Amino acid sequence: MLEILYWSLIIFIARIVDVSLGTIRVNMIVRRKKTFAAVIGFFEVAIFISIIVRIIQEIDNIYGILSYAAGFAVGTVMGIIISEKLSRDLISTNIISKSRSDDIKKSLKEEGYGITCYTGTGIDGEVEIINVVCSQNSVKRLHAIIRSEDPAAFMASYMLDKIRGGFIRGLKKK
């Protein structure tokens with residue numbers, strides 16, 4: 001029985017590592033980091049094959065199967081957390097507020113966000129558009145600030161591919 005628990009624990013931990021690596025690999029593919037994705041994929045598959053062979057050898061061991069499934073679930077969450085921590089993605093957010101633009105700009109400046117403002121035309125006429133570029137790790141705080149000033153504000157965020165120059169909250173200058 002001790003050996004079954006030992007192998008179940010190994011399967012669980014290996015599956016966490018395997019699935020976490022898979023999540024990070026997919027993230028690297030999206031970012032077009034081919035070499036890094038390939039190296040991660042090599043280790044991911046090596047771990048996967050090692051574990052699946054053990055599961056198949058003892059297919060009647062319910063603890064191994066449950067450990068495999070639980071490791072997959074935990075590995076998915078861990079992979080997402082690790083990907084977020086490693087992320088240096090830059091996000092651009094456009095904010096449109098019908099009545100609270102000045103309050104939003106003031107709060108964002110106080111929190112250390114760089115802003116760029118320009119005029120646009122909306123369905124009801126002229127609007128001010130506030131644009132903020134920040135690291136992925138700063139987006140949650142950015143959205144909280146905007147919602148606290150104007151819960152009805154329109155926000156549209158998207159990932160930036162390549163940038164040069166400017167001020168970006170959450171990134172240190174080189």
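Here are some notes:
- Complete set of residues in the stretch 111-130 that are assigned to a loop (DSSP other than H, G, I, E, B) and either under 19 Å from ALA144 (Cα atoms) or at pLDDT 90 or above (or both): GLU111, GLY112, TYR113, GLY114, ILE115
- Qualifying residue in the stretch 64-82 (condition: under 30 Å from ALA153 (Cα atoms), in contact (Cβ under 8 Å) with a residue 12 or more places away in the chain, under 22 Å from the mean Cα position of the chain (by Cα) and not in a loop (DSSP other than H, G, I, E, B)): yes
- Residue within the stretch 95-104 that is surrounded by fewer than 13 Cβ atoms within 10 Å (Cβ to Cβ) and not assigned by TED's automatic domain parsing to the domain that holds ILE29 present: yes
- Filtering ILE11, ILE59, ILE51 for residues that are assigned by TED's automatic domain parsing to the domain that holds ILE81, part of a loop (DSSP other than H, G, I, E, B) and among the β-branched types (Val, Ile, Thr) leaves a single hit, ILE59.
- The requirement of being in the same structural domain as ARG15 (by TED's automatic domain parsing) and aromatic (Phe, Trp, Tyr) is not satisfied by TYR113.
The values are calculated or read from the model by the stated rules, or taken from the named source; none is laboratory data. Worth saying up front: this structure is predicted, and the values here are computed from it rather than measured. Cβ atoms come from the backbone with ideal geometry, glycine included; neighbour counts cover every protein chain shown.
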